[in-house]
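Every number in this text was worked out from the coordinates using simple rules, so none of it is lab data. All of these numbers come straight from a predicted model, not from anything done at the bench. Cβ: placed from backbone, ideal geometry, glycine included. Neighbour counts: every protein chain shown.
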Amino acid sequence: MRSFVAVAETLHFGRAAEQLHLAQPALSRQIQALERQLGTALLERDRRSVSLTAAGRQLLEDAVPLLAAAEAARRRVQRAARGVNRLVVGFRTGVLVTDVVRRFTAAQPECAVDVVRLEWDEQEDAIRSGRVDVAFVRRPIDERTIRLTPLYAEPRLVALPADHPLASAPTLTTAELADEQHLRYLQPVRGADGRTLRLRGMEEKLEYVAAGHGIILLPRSATEHFRRPDVVYVPVADAEPDEVLLAYEASRRSKLLLAFVEAALLSPRGADVCTCNK
């Protein structure tokens, strides 16, 4: 399966063989064996090019999370073999996990908990690869092979340069911000040297806001963590609330993991904001 993914992603047997440290004939035999096992062609190849069949495209879509789950299982097995009883918890900017971790460890004192901060573009991979066992995430998120438990939602504010004409407004609407340049997830921005960049961390995004290159909508908790004199936060009355969810790999049935979910659902966090179930 790993061999197939390497070929499918590169569409080149030679480069895939180098990536896998295999001889090209051996790689070709592996792909042929996989095709015989599945009873269908996965790749269309001639002397000049390689392309995916419809079956190949479907397998690639399924194979990536499947391999990630296998890697995650390997990590958990090795950790168990070392006698380590540990849960790794990921969290996004602005999400406070201390109360949940304390409640969980009080009920499960034999389990150690590590916490890892996640950026928006790594939350799914961190869960699927086993780098974290469970994570507090925000949308958007690719839900394939991931189970989501809604926890709470919070209002959004817009980050504006301090000298922006709307910066002194007590509240704004999405219509009033419609003509502004929004710095959104996955949307590339052009740097000072002309290169195309993708903003990852909150600090980077706020630098672009302060410089007047655009605005961003942020959950209230994130605005409380990142205060700076050249950026102003204004509530957006009709903005869609930002939802916080607990996420873990859908096939997991760990008692410790389920106990952590229960501890998170008992958290008073979000009592002063709109809850997801209202």
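Quick notes on this one:
- Contour minus Cα-Cα distance for Glu110 and His182 (0.36 nm per residue): 21.3 nm
- Positive minus negative residues near His21 (Lys, Arg vs Asp, Glu; Cβ under 14 Å): +1
- Taking the average, over residues, of other Cβ atoms within 10 Å as the packing measure, peptides 89-98, 172-181, 14-23 rank 89-98, 14-23, 172-181 from highest down.
- For the chain, the dipole from Cβ point charges (+1 on Lys and Arg, -1 on Asp and Glu) about the Cα centre works out to 1340 debye, to the nearest 20.
- Rounded to the nearest Hz, the phi-derived 3J(HN,Hα) couplings of the range 103-116 under the Karplus curve 6.51 cos²θ - 1.76 cosθ + 1.60 (θ = phi - 60°) are 5, 5, 5, 5, 8, 10, x, 7, 10, 8, 10, 10, 10, 9, where x marks glycine and proline.
- Modelled label positions at Arg2 and Gln58, each set 7 Å beyond Cα in the direction of Cβ, lie 2.6 nm from each other.
- Formal net charge of residues neighbouring Leu67 (Cβ-Cβ distance under 11 Å; K, R +1; D, E -1): +1
- Sorting 138-151, 37-50, 231-244 by their mean Cβ neighbour count within 10 Å, with the most densely packed peptide first, gives 231-244, 138-151, 37-50.
- Residue exposure proxy: Ser251, Ser3, ordered by other Cβ atoms within 10 angstrom of their Cβ from fewest to most, comes out as Ser251, Ser3.
- Correct choice for Cα extents along the principal axes in Å that was computed from the model, options (1) 69, 49, 30; (2) 67, 53, 32; (3) 54, 37, 35: (2)
- On full extension, the segment bounded by Ala211 and Glu262 gains 14.0 nm, given 0.36 nm per residue less the C-alpha separation.
- Environment charge of Glu143, counting only residues whose C-beta is closer than 14 Å and scoring Lys/Arg +1, Asp/Glu -1: -1
- Cut-off under 5 Å, modelled amide H: who pairs with Gly90 long-range: Val116, Asp133, Val134, Ala135, Phe136
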